[in-house]
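Just below is one structure, and these are the notes that go with it.
Bear in mind that the values in this text are calculations on the coordinates, not laboratory data. Since we're looking at a predicted model, the values are computed, not measured. Don't worry about glycine lacking a Cβ; one is built from the backbone with ideal geometry, like all the others, and counts go over all protein chains shown.
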Amino acid sequence: MPQDYRILKTANIIGFLFTIVINGLANTLPLNGVTTGELSDMYPNLFTPAGYVFSIWGIIYVLLAAFTYYQYTADDEIHTKIGWLFFVSCIFNGVWIFFWHYMYVALSVITIFGLLACLILIYRRLNIGLVEAEHKEKIMVHTTFSVYLGWITVAPIANVAALLVDQGWTPFSTTSIYITALMILVALGLTLANIYIRGDIAYTAVLVWAIGGIIVKQTSTPIVPYVAGFSIITIVATLLLKKRGDYKLFSN
C-alpha cells in the first residue's frame, strides 16, 4: 500500500468518525442546549419537510460507514478518483453542525454548499449511473454517494429558507408560497435531468422522499402540496418511462 494512500485511507476514517461524533454530541449533549430538530423548528418555512424525513440521516451514516470500510480495504483506484474530497466533505458536515447549533445561519449556508460541491465532484468523478461497477462497489460506493448527494441536493434549499427567516423574511406569506413552489420545481428539474442522463434510482428515491415530506407537512398550505404532488408523479412516471425505454433498447 503506497504511503500517500495509507495516509488518505486513515484520514477518511478519522473524518468519518469526526462526523459521527459531532452529530451524536449535537443531539445527546445537546450542543448549545438545543437539538438539531429543535433548531429547525426555530426557523419555520414551507420547504422544510416533516420530521420523519430526517431519519434518512441514519441510512446515510450506515452507508458512509460501509464506504469508509470499503475504501480502506479496496485497491487504490477509488482514491485516485476521489482523492481528499471525502475527507473534506466530512469536515464540512461536522462544521455545519457547529454553525447550525450556535445559530450562525449564514455560515451554515456557506458550509452546506461546500459539502454539496464536494459531493457533486465525487459523484462526477465516480461516473455514477454512467459506468458499470461490481456489486460490492455499487452498493458501498455508488449507492452511498447517490443517497448522500440526493439529500444534500435539497438540504441547502431548506438551509437558505432558514436563513431568510433568520433575516426577518415572513415564512408563510404569499411570496414565500410561490418561492417554495418554484424551489420544488427546481428540485424536480434536477431530478429529471439526473434520470435522463444517469438513471440513478437511489438519487431519485431520495428526492421523492424529501418532496413527499413537504406534502405531509404542508397539507393545509395553498399551492405547495399540489406542486410537490405533481413533482412526485412526474418523477415516478419519467423514471418508469426511462427504464421501459432502456429495456426495449436492450431487448432490440
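Scanning region 156-167 for residues that are among the acidic types (Asp, Glu) and outside any loop (DSSP other than H, G, I, E, B) turns up at least one hit. Scanning region 212-224 for residues that are of a type in the set (A, V, I, L, M) and in contact (Cβ under 8 Å) with a residue 40 or more places away in the chain yields Ile214, Val216, Ile223, Val224. Confirm whether Val160 is under 23 Å from Val105 (Cα atoms), of a type in the set (A, V, I, L, M, F, W, C) and more than 18 Å from the chain's Cα centre (by Cα). It is false that Val160 is under 23 Å from Val105 (Cα atoms), of a type in the set (A, V, I, L, M, F, W, C) and more than 18 Å from the chain's Cα centre (by Cα).
This table checks each residue for (1) in contact (Cβ under 8 Å) with a residue 60 or more places away in the chain; (2) of a type in the set (A, V, I, L, M, F, W, C).
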{"site": "Thr19", "(1), (2)": "yes, no"}
{"site": "Asn27", "(1), (2)": "no, no"}
{"site": "Thr35", "(1), (2)": "no, no"}
{"site": "Phe47", "(1), (2)": "yes, yes"}
{"site": "Ala65", "(1), (2)": "no, yes"}
{"site": "Tyr72", "(1), (2)": "yes, no"}
{"site": "Val95", "(1), (2)": "no, yes"}
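Restricting attention to region 164-216 and to residues that are under 19 Å from the mean Cα position of the chain (by Cα) and among the charged types (D, E, K, R), the residue that is surrounded by the fewest Cβ atoms within 10 Å (Cβ to Cβ) turns out to be Arg198. Quick one: in region 35-51, which of the residues that are within 21 Å of Gly168 (Cα to Cα) and hydrophobic (A, V, I, L, M, F, W, C) is nearest to the chain's Cα centre (by Cα)? Looking at the filtered set, the residue picked out is Phe47.
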